[in-house]
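Any read-out appearing in this document is the output of simple, stated calculations on the displayed coordinates, not a laboratory observation. Just so it is clear, the model here is predicted, and its values are computed rather than measured. FYI the Cβ positions are ideal-geometry reconstructions off the backbone, even for glycines, and counts take in every protein chain you see.
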Amino acid sequence: MGDDGEEYVLTQESAYDLSISRYKEVMYDEVHYDAPKDILKRIKTLQTKMAKGVVELEKLL
């Protein structure tokens, strides 16, 4: 029986599984993303800057 009170059954396959991932608790970090409206606003700003840059390049040609 384990520390958590659960009974474990050892099979032939699991008896030889010595990988750390089997015994180590995996911790996941929560990911926070910006609101979709904020992302779209930044995209539009970048597109405007790119369009102005293209116009300036065309003037040089």
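Numbers at a glance
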{"quantity": "Label-point separation, residue 44 to residue 24 (7 Å along Cα→Cβ), nm", "calculated": "4.6 nm"}
{"quantity": "Per-peptide average of other Cβ atoms within 10 Å, ordering 41-52, 22-33 highest first", "calculated": "41-52, 22-33"}
{"quantity": "Qualifying lysines (Cα of each under 27 Å from Cα of residue 41; at least 8 residues distant if same chain)", "calculated": "49, 52"}
{"quantity": "Net charge over other residues, Cβ less than 12 angstrom from the Cβ of residue 35 (K, R count +1; D, E count -1)", "calculated": "+1"}
